[in-house]
Amino acid sequence: MKRHLLSALFVLSAGNFLIAQEVAFEEYDLDNGLHVILHQDNTAPVVTTAVMYHVGSKDEDPSKTGFAHFFEHLLFEGTKNIERGEWDKIVSSNGGSGNANTFLDRTYYYETFPSNSLETGLWLESERLMHPIIGQIGVDTQKEVVQEERRLRVDNSPYGAFFEELLKNLYTKHPYRWGVIGSLDHLASASLDDFKNFNKIYYVPNNAVLVIAGDINMEKTKKMVSDYFGPIPRGAEIKRNIVVEEPIATTIKATYHDPNIQIPAILLAYRTPGQAERDAYVINMISTYLSDGESSKLYKKLVDEKKIALQIFSVPIDAEDYSCYVVGGLPVGENSIQDIKKEIDAEILKVQSELISEKDYQKLQNKFENNFVNANSSIAGIANSLAENYMLRDNTNLINTEIDIYRSITREEIMEVAKKYLKMNQRVELEYLPEQKEAN
């Protein structure tokens with residue numbers, strides 16, 4: 001067991017004196033391998049109970065994609081002690097709220113309750129882990145839900161397919177190469193045993209972290225954790241294949257026609273290091289400097305000044321094995337996506353060949369310090385940060401020290417990392433175009 005008691009962090013940001021409270025926590029393992037992190041904050045009578053499982057779309061069989069996201073839905077169907085349709089009723093009747101989400105590397109479930117309902121949250125999550133019902137009725141019901149979600153978010157949504165299109169071009173071997181929502185055909189053809197096997201492999205205590213944050217009594221909470229989660233048997237050790245991609249050496253040019261759009265887009269995607277590596281933090285700073293928001297260099301130049309772009313956007317995708325930096329834009333008027341690409345390349349070249357100004361550097365530092373404070377301004381945000389830092393960055397205490405990494409990044413380092421990763425021959429260029437109409 002470790003106890004972290006760190007001095008309060010004082011952050012000077014944009015002329016305002018912001019105080020980022022120290023996030024004290026305890027972490028330990030149960031005998032079954034479940035990692036537990038407790039954070040006590042008695043300033044408000046709320047508590048978040050969350051469980052993150054180390055399973056995402058990258059853990060799927062290439063012929064059975066979409067399982068991780070499917071389970072995000074399926075495991076609200078009910079358990080041996082919770083009838084179908086009752087989960088949300090239990091949460092709301094106890095004054096709580098909850099949800100779940102899935103990404104490339106993990107699946108996350110959480111509930112926030114008034115603190116006197118902590119035991120309800122622990123019971124719900126222990127039931128999800130120990131007594132899930134993987135039955136045909138639930139599977140069939142959630143197949144329809146996921147089908148509708150895909151139609152809404154991907155198939156019928158403007159620019160909805162860009163994420164999948166980028167991934168399949170950025171990766172040739174790594175399981176990041178398919179989208180999180182996966183294939184509806186794979187889900188439709190999967191057997192009930194396929195789903196049961198997936199649950200048996202990945203939904204085990206030794207593949208999870210339980211976080212309890214908020215208005216708790218530490219000793220009483222530890223006793224409840226032991227009572228509810230201690231009896232759950234340990235699962236078999238999970239064998240993970242480590243897949244290494246060859247570096248992109250020649251520009252990958254791709255085209256996709258979206259029937260839901262009228263304005264084309266250009267997307268430039270660079271494969272970058274996994275999110276725990278120092279260079280990934282530097283890439284985040286470069287992304288913010290170039291393309292994050294209306295104060296970024298590209299927005300001000302292309303939208304405000306030259307007025308050749310309707311929109312400039314940045315989509316940094318942080319993940320465990322590889323991350324990626326995606327920048328793109330939509331042209332306006334008679335301007336083309338090639339015009340936008342030319343201007344983006346010009347700004348990237350500046351970052352590679354010149355130090356950013358001291359003024360811009362300080363603005364970056366201020367923004368990241370402000371983000372750091374805001375990320376942990378709620379109990380739910382703290383719970384999520386603790387889980388991700390433990391599971392995906394192997395350092396829970398980054399919740400207190402991550403800002404020091406950003407502070408230590410120099411202007412020279414920004415230039416060198418831009419040179420290393422943002423080369424034209426090391427990227428995917430996706431021309432995202434309106435669907436071509438057939439000639440009469």
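Could you give the distance between the Cα centres of segment 306-358 and segment 188-211, to the whole Å?
39
What FRET efficiency would be calculated for the residue pair SER92, ALA24, taking the C-beta separation as r and a Förster radius of 35 Å, to the nearest 0.05?
E between SER92 and ALA24, to the nearest 0.05, is 0.65.
Mind checking segment 22-86 for GluC sites (Glu not before Pro) that DSSP puts in a loop (not H, G, I, E or B) and that have at most 10 other Cβ atoms within 10 Å?
Sparse-neighbourhood loop GluC sites (Glu not before Pro): none present.
For the pair ASN241/ASN42, report the inter-label distance in nm, with labels modelled 7 Å from Cα in the Cβ direction.
Once both label points are built, they end up 5.2 nm from each other.
What is the local net charge at ILE252, summed over the other residues whose Cβ is closer than 13 Å to its Cβ (Lys, Arg +1; Asp, Glu -1)?
Residues close to ILE252 contribute a combined charge of +1.
Averaging sequence separations of C-alpha pairs under 8 Å and six or more residues apart, then dividing by the length of segment 298-440, give the relative contact order as a whole percent.
Relative contact order here is 18 percent.
I need the shape label for segment 34-171. Rule: rounded when a/c is under 1.5, else prolate if a/b > b/c, else oblate, with a, b, c from the alpha carbon gyration tensor.
Prolate, since a/c reaches 1.5 and a/b exceeds b/c.
Please find the FRET efficiency linking LYS223 to SER377, where r is the Cβ-Cβ separation and R0 is fixed at 45 Å, and quote it to the nearest 0.05.
Between LYS223 and SER377 the formula returns 0.90.
Which of the lysines could a cross-linker bridge to LYS359, judged by Cα under 23 Å and excluding same-chain residues fewer than eight apart?
LYS297, LYS300, LYS301, LYS306, LYS350, LYS367, LYS419
Shape of segment 144-290 from its Cα gyration tensor (a ≥ b ≥ c, root eigenvalues): rounded if a/c is under 1.5, otherwise prolate when a/b > b/c, or oblate?
Prolate, because a/c is 1.5 or more and a/b exceeds b/c.
Rounded if a/c is under 1.5, else prolate if a/b beats b/c, else oblate: with a ≥ b ≥ c from the C-alpha gyration tensor eigenvalues square-rooted, which is the chain?
Note, shape of the chain comes out oblate.
Give, in nm to one decimal, the length gained when the segment between ARG84 and ARG151 is fully stretched (0.36 nm per residue of separation minus the Cα-Cα distance).
Going from the current span to full extension adds 21.6 nm.
Quick one: what does P(r) look like for segment 267-307 with 10 Å bins over all Cα pairs, in whole %?
28, 42, 24, 6
In percent, what relative contact order does segment 9-129 have, based on Cα pairs under 8 Å that are 6 or more apart in sequence?
Answer for segment 9-129 is 26 percent.
Are there trypsin sites (Lys or Arg not before Pro) in segment 306-351 that DSSP marks as loop and that have at most 14 other Cβ atoms within 10 Å, and which are they?
Those satisfying the criteria are LYS306, LYS307.
Normalised by the residues of the chain, what does the relative contact order come to in percent, with Cα pairs under 8 Å and at least six apart?
21
Once you put a point 7 Å from the Cα of ASP193 and another 7 Å from the Cα of GLN338, both along the Cβ direction, what distance in nm separates them?
5.6
For the cross-link pairs LYS168/LYS423; LYS143/LYS239; LYS58/LYS420; LYS80/LYS200; LYS89/LYS200; LYS64/LYS423, which exceed 23 Å when the distance is taken from alpha carbon to alpha carbon?
Violating the 23 Å Cα-Cα cut-off are LYS143/LYS239; LYS58/LYS420; LYS89/LYS200; LYS64/LYS423.
Using alpha-carbon positions, what is the distance between the centroids of segment 56-122 and segment 407-423, in Å?
So the two Cα centres are separated by 39 Å.
Label points 7 Å out from Cα along the Cβ direction at GLU144 and THR251: separation in nm?
4.9
Helix-only mean residue ellipticity at 222 nm, the chain, DSSP H runs n ≥ 4 weighted -39,500 (n - 2.57), per residue, nearest 500. What is it?
-12000 deg cm²/dmol
The numbers here are math on the coordinates, done by the rules we state, and not lab data. This is a predicted model, so every value here is computed, not measured. Note that each Cβ is placed from the backbone with ideal geometry, even for glycine, and that neighbours are counted across all protein chains shown.
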